[in-house]
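*Asks:* Structure provided below as structure tokens; questions to follow.
The values are calculated or read from the model by the stated rules, or taken from the named source; none is laboratory data. Bear in mind the structure is a predicted one, so any value in this text is a computation, not a measurement. When we count neighbours, we look across all protein chains shown, and the Cβ atoms used for this are built from the backbone with ideal geometry, even at glycine. In case anyone asks, the SASA skips ligands and DNA or RNA and just uses the protein heavy atoms, side chains included. Shrake-Rupley method; radii C 1.70, N 1.55, O 1.52, S 1.80 Å.
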Amino acid sequence: MSSQAPDGAATTLLVIAKEPLPGRVKTRLTPPFSPEEAAELAAAALEDTLRTVLTLPVRRRVLVLEGRPGPWTPPGFDVVPQCAGGLDERIAAAFAACAGPALLIGMDTPQITPGLLAPVLSPSGWDGCDAWFGPAEDGGFWALGLAAPDPRAVRGVVMSRPDTGALQRARLAELGLTVRDLPALRDVDTAEDAAHVAAAAPHGRFARTHGRLSRAAVR
């Protein structure tokens with residue numbers, strides 16, 4: 001439970017991501033997109049996400065990466081490899097490496113804005129709050145914040161299921177944590193998701209890439 005709340009600017013922001021390689025990322029976008037185009041969209045989503053994170057008032061920015069950094073990796077991030085194991089183990093290990101409050105997001109929501117994360121990162125973001133939870137519209141989650149990172153908060157939660165978000169939030173409650181919720185967002189998994197997210201954030205690289213690839217597909 002919270003006692004003396006940390007300042008929002010003392011928060012570590014974790015981005016968990018995969019290197020955008022054809023055939024390894026966004027496979028549910030194929031078809032209609034080719035594996036190379038799906039990787040382009042993944043790279044654009046990741047670049048938009050990292051660019052937004054660079055503007056946020058946090059203590060440390062960490063890219064928790066499966067694969068190798070590339071030209072889409074901007075300065076200002078500590079890049080650390082993901083550990084072995086399932087996604088729950090990889091998220092748990094990322095939190096375990098943090099000292100002080102931490103907020104983890106993924107690479108599938110390039111529509112995030114500084115305003116969306118402002119409640120967590122404000123000076124009072126952790127007052128009376130042990131955890132932040134951002135549900136995804138597909139039943140998962142896009143953000144998870146812990147005032148005192150504890151691997152038990154994630155380890156053993158079954159991932160990549162329609163009820164993963166409910167299971168994760170239930171785990172936080174089981175640990176007696178006071179949880180605040182962020183707005184629900186749509187992940188980019190399918191072509192329909194990609195079109196929706198591109199329309200929601202029309203000025204980012206993801207939207208430009210999606211528009212270019214979609215136009216090419218109908219020629």
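*Asks:* Tell me, what % of the accessible area of segment 58-112 is carbon and sulfur with a 1.4 angstrom probe? Walk me through the numbers before you get to the answer.
*Replies:* On the way: 1260 of 2300 Å².
Carbon plus sulfur share of accessible area: 55 percent.
*Asks:* Shifting gears a bit: Given Cα pairs under 8 Å that are at least 6 residues apart, what percent is the relative contact order of the chain? List each step's numbers first, then the result.
*Replies:* Working: 437 pairs, mean separation 55.6, N = 219.
In percent, rounded to a whole number, it is 25.
*Asks:* Could you identify which residue out of A94, A147, A118 has the top mean-square fluctuation in a GNM of the chain using Cα springs shorter than 10 Å?
*Replies:* A118
*Asks:* Can you give me the orientation-averaged projected area of the convex hull built on the Cα atoms of segment 60-186, in nm²? Before the final figure, lay out each step's value.
*Replies:* Values: hull surface 30.9 nm².
One quarter of the hull surface, i.e. the mean projection, equals 7.7 nm².
*Asks:* Would you compute, from DSSP H runs of 4+ residues alone, the mean residue ellipticity of the chain at 222 nm, taking -39500 (n - 2.57) per run and dividing by the full residue count, rounded to the nearest 500?
*Replies:* Working: 6 runs with 72 residues, N = 219.
Here the helix-only value at 222 nm equals -10000 deg cm²/dmol.
*Asks:* For an R0 of 22 angstrom, estimate the FRET efficiency from the Cβ-Cβ distance between L175 and E66 and round to the nearest 0.05. If you can, show how the numbers build up before the last one.
*Replies:* Working: r = 27 Å, r/R0 = 1.23.
E(calc), rounded to 0.05, equals 0.25.
*Asks:* What are the residues whose amide H is under 5 Å from the amide H of G140, where those residues sit 5 or more places off or on another chain and H is modelled from the backbone?
*Replies:* G165
*Asks:* Let me ask something else. Expressed as a rounded percentage, what relative contact order does segment 102-219 have, with Cα pairs under 8 Å and six or more residues apart? Show your work: numbers first, answer last.
*Replies:* Values: 161 pairs, mean separation 34.6, N = 118.
It rounds to 29 percent for segment 102-219.
*Asks:* Residues of segment 124-158 with backbone nitrogen within less than 20 Å of a virtual label 7 Å along the Cα-to-Cβ line of D78, please, listed as ranges.
*Replies:* In segment 124-158, the label zone of D78 (backbone N under 20 Å from the point 7 Å along Cα→Cβ) covers 144-152.
*Asks:* Shifting gears a bit: Take each of the peptides 96-106, 196-206, average the number of other beta-carbon atoms within 10 Å over its residues, and list them starting from the highest. Before the final figure, lay out the partial values.
*Replies:* Values: 96-106: 21.3, 196-206: 17.8.
Per-residue Cβ counts within 10 Å, averaged per peptide and sorted highest first, yield 96-106, 196-206.
*Asks:* Give, in nm to one decimal, the length gained when the segment between V158 and A200 is fully stretched (0.36 nm per residue of separation minus the Cα-Cα distance). Present the calculation step by step, with values, prior to reporting the outcome.
*Replies:* Working: separation 42, 0.36 × 42 = 15.12 nm, distance 2.92 nm.
Gain on extension, V158 to A200, equals 12.2 nm.
*Asks:* State the antiparallel share, in %, of DSSP beta bridges confined to the chain, rounding to the nearest 5. Write down the numbers at each step before the final one.
*Replies:* Details: 9 of 28 bridges.
Given both bridge residues lie in the chain, the antiparallel proportion sits at roughly 30 percent.
*Asks:* Please give the length that would be gained between T27 and D127 if that part of the chain were fully extended, namely 0.36 nm times their separation in residues minus their C-alpha to C-alpha distance (nm, one decimal). Mind showing how you got there, number by number?
*Replies:* Working: separation 100, 0.36 × 100 = 36.00 nm, distance 4.01 nm.
32.0 nm is the gain from fully extending T27 to D127.
*Asks:* Kindly report, to the nearest 10 Å², the accessible surface of R51 as traced by a 1.4 Å probe over protein heavy atoms only.
*Replies:* 120
*Asks:* Could you give the radius of gyration (one decimal) and Dmax (whole number) of the Cα atoms in the chain, in Å?
*Replies:* 16.8, 60
*Asks:* Then there's this: What accessible area per residue, rounded to a whole number of Å², is obtained for the chain using a probe radius of 1.4 Å?
*Replies:* 45
*Asks:* What is the spin-label model distance, in nm, from E36 to E192 if the labels are put 7 Å beyond Cα along the C-beta direction?
*Replies:* Distance between the two pseudo-spin positions: 2.9 nm.
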